[in-house]
Amino acid sequence: MISSLIRANSQRYLGLLLAISLCFIPACAHRSSKKSDDVNKLQQTLAKREASLETLEDNMAKLQLRLLERDAQIKQLEERLNSQQEMLDEAIQEVVRAKAKLRSLESKAEAASEMAEAEIAVKALKAQLAGQTRNPELIKAQELLKMSAQEFKKENYGGAVYLTSQAKGHIRAAQIRLGGREKVAPIKRLPPVKGEVFFALPLPLRVLKTSNLREKPDLKGKVITTLEKGTPVIGYSYKGQWVRVISEDGNNGWVFQTLVGSR
């Protein structure tokens, strides 16, 4: 009897538990399904973000490569420009060297010509002096020509031309004193001007600025001719601020003293 009651109660409780379990199982199943959907959505979102990140990284890598390419192109252009600039600089230097060489050759030729001309003038002067070898102008001219030859050997052609020019001045002075006609016309025997003072020796001069050669030592004197800058002349005397000179073509007159200087 008792056992029958226990069995009946047990069956009742089991039925109740089974009923309760059947109620919870759908709810649990629903929760599990919802959680699974959320996980799937999250995984899909992460996958999309990873794909976007990969795309972004790929684009950045491509941009980096393009930047490197541009840098390489710019560097190449800079190298070309530098190379062209170096070539241009070298061309300029070559022109400068060529001009310097040409100028050197011109100076050398000029110096050689001037020296040869002066040597001929010395020989002519010796012939005019007829053995008077102690003539001071001749001695000085020979000394200057010797110095000129030394400078020529040192390739100082400008110095050689200058010394030769000085020697020529002494040669002309000697020729004029002798009344010679070598290169310089004889001075005209004009009556001296009151107050005129003669130099102890004729002075080799040159015109410093284009000047008027006048008959008298004043601005009212008649203009004989115009002497260009650099024209060589011989000075004989002075009065006040005026100098009497003769040009290589034989013109004799007066110029203002500030317009002539030593050669």
Pairs, first surrounded by fewer than 15 Cβ atoms within 10 Å (Cβ to Cβ) and of a type in the set (Phe, Trp, Tyr) in region 187-207, second modelled with pLDDT under 70 and assigned to a loop (DSSP other than H, G, I, E, B), C-beta under 9 Å, six or more apart: none
Residue identified as buried (at least 19 other Cβ atoms within 10 Å of the Cβ) and under 37 Å from the mean Cα position of the chain (by Cα) among Pro217, Pro232: Pro232
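The values are calculated or read from the model by the stated rules, or taken from the named source; none is laboratory data. Note that the structure is predicted; figures quoted are calculated from it, not measured. In this analysis, Cβ positions are derived from the backbone assuming ideal geometry, glycine residues included, and neighbour counts consider all displayed protein chains.
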